[in-house]
1. Out of the residues in region 47-68 that are of a type in the set (A, V, I, L, M) and in a loop (DSSP other than H, G, I, E, B), state the one that is nearest to the chain's Cα centre (by Cα).
2. Taking the condition of being aliphatic (A, V, I, L, M) and either surrounded by fewer than 19 Cβ atoms within 10 Å (Cβ to Cβ) or in contact with an Asp or Glu (Cβ under 7 Å, 6 or more places away or on another chain) (or both), how many residues in region 57-74 meet it?
3. Does Asp249 meet the test of being over 24 Å from Leu302 (Cα atoms) and in the same structural domain as Glu296 (by TED's automatic domain parsing)?
4. Can you name the condition, by its number, that Leu233 falls short on among (1) over 26 Å from Gly289 (Cα atoms); (2) among the hydrophobic types (A, V, I, L, M, F, W, C); (3) in a helix (DSSP H, G or I)?
5. Exactly one condition in (1) buried (at least 16 other Cβ atoms within 10 Å of the Cβ); (2) at pLDDT below 90; (3) outside any strand (DSSP E or B) is not met by Leu31; state its number.
6. Does Ser155 count as surrounded by 10 or more Cβ atoms within 10 Å (Cβ to Cβ), farther than 30 Å from Tyr232 by Cβ, in contact with a strand residue (DSSP E or B) (Cβ under 9 Å, 6 or more places away or on another chain) and not aliphatic (A, V, I, L, M)?
7. Mind listing whichever residues of region 180-224 are among the aliphatic types (A, V, I, L, M) and within 22 Å of the chain's Cα centre (by Cα)?
8. I'd like to verify a number: residues in region 251-282 that are modelled with pLDDT under 90 and either under 19 Å from Arg235 (Cβ atoms) or crowded, with 18+ Cβ neighbours inside 10 Å (or both), how many?
Amino acid sequence: MDIREEFIAPLLRQLGYGKGTINDVIREKTLKLTNPYYRIGRKKVQVDYIPTIRLKNFWIIEAKPGNINEMSMGDLLQAHLYAIHPEIRARYIVLINGWEIRVYDALTVQSWEDSLLICTPVNAETNFNTLINMIGAKSMLRFARQQILKQIEDSFAVELDEKEVAHFFTQIQQKITSLKQKVHHNAREFEINAWKKEQQEADQHLVQISDNHLLIYMDISSNSQLRTPNEYLRRIIEADESGRTKLVDQLVMRWRGRPHNIFRVHSLYILFELLRQKVKVGTSIYHRGIKESFEELAKKILHIGLQTV
């Protein structure tokens, strides 16, 4: 637990991963071990950490106790079992015990000495930056592609036919075209999702603020979006009879003052929706009814518009 909280948690933040972000961290994921995959005497195992990049797995962390300075091949074999599981399919394995960080390639590792990187307090001044470049959220994808290039290089190391190089180049060119389309789609989807999240957060904020603050937001000259008047409209519709009258009174009193024109437009929209949805609002000393208030405000806006012209 000490290693998890005092070492791995801040390390993941430093590498750019965080719970609930697009680079989420899956913790203690349980995996079923079924035939014909594994026969190790257990039906289930648990992966300590699965950091993700835009919710896709590339590497896992196997956390080991810090009371022993050195880890062993048995720890690597255990982590390798998790990495190649059909539900994970992670390329890289990271072993951590607080004394050292060891990185392995699950695809090529054959022995304890096959580590891609070992980071310790002794060499951290140089190796920690390398660690960030290898598994950091901002550089992990580039590092993974570099490893793929090494595999391609190895595949041509024993090739005899030069035509195969040209053929492979043609395939790469074709693949690049489709990849550009995919990357463009990903970027567009990311922008849309980020915009939707921003809208949801803005809506949640409006729901939480007071009626008076909502009216203030409606009176900001640059606020032309309808989410603010829509929230005020929702409150009117969902209120009881006296509550509706009070909310409309507050609206009328403010537009009869000296608000920005955008506030009058928002108010006109609210009154129009109340009329369209046939929402009943009782009269008061501030307004004689929704229809009369709508006509009064519409004439005022038209008059202001004509003066501007």
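The values are calculated or read from the model by the stated rules, or taken from the named source; none is laboratory data. Since this is a predicted model, take the numbers as computed values, not measurements. Every residue, glycine as well, gets a Cβ built from its backbone with ideal geometry; the counts of neighbours run over all protein chains shown.
1. Kept after step one, since they are of a type in the set (A, V, I, L, M), are these residues of region 47-68: 47, 50, 53, 55, 60-61, 63, 68.
Then keep just the ones that are in a loop (DSSP other than H, G, I, E, B); that gives 55, 68.
Numbers: Leu55: 9, Ile68: 37 Å.
Result: Leu55.
2. Here is the first cut: in region 57-74, the ones aliphatic (A, V, I, L, M) are 60-61, 63, 68, 71, 73.
Imposing the further condition that a residue be either surrounded by fewer than 19 Cβ atoms within 10 Å (Cβ to Cβ) or in contact with an Asp or Glu (Cβ under 7 Å, 6 or more places away or on another chain) (or both) reduces the set to 61, 63, 68, 73.
So the answer is 4.
3. Numbers: over 24 Å from Leu302 (Cα atoms): no; in the same structural domain as Glu296 (by TED's automatic domain parsing): yes.
The answer is no for Asp249.
4. For Leu233, the exception is condition (1).
5. Going through the list (1) buried (at least 16 other Cβ atoms within 10 Å of the Cβ); (2) at pLDDT below 90; (3) outside any strand (DSSP E or B), Leu31 breaks only (3).
6. Values: surrounded by 10 or more Cβ atoms within 10 Å (Cβ to Cβ): yes; farther than 30 Å from Tyr232 by Cβ: yes; in contact with a strand residue (DSSP E or B) (Cβ under 9 Å, 6 or more places away or on another chain): no; not aliphatic (A, V, I, L, M): yes.
Taking the combined requirement at face value, the residue does not satisfy it.
7. Initial filter on region 180-224 (among the aliphatic types (A, V, I, L, M)): 183, 187, 192, 194, 202, 206-207, 209, 214-216, 218, 220.
If the condition is that a residue be among the aliphatic types (A, V, I, L, M) and within 22 Å of the chain's Cα centre (by Cα), then Val183, Ala187, Ile192, Ala194, Ala202, Leu206 are the ones that fit.
8. Residues flagged as modelled with pLDDT under 90 and either under 19 Å from Arg235 (Cβ atoms) or crowded, with 18+ Cβ neighbours inside 10 Å (or both) within region 251-282 amount to 1.
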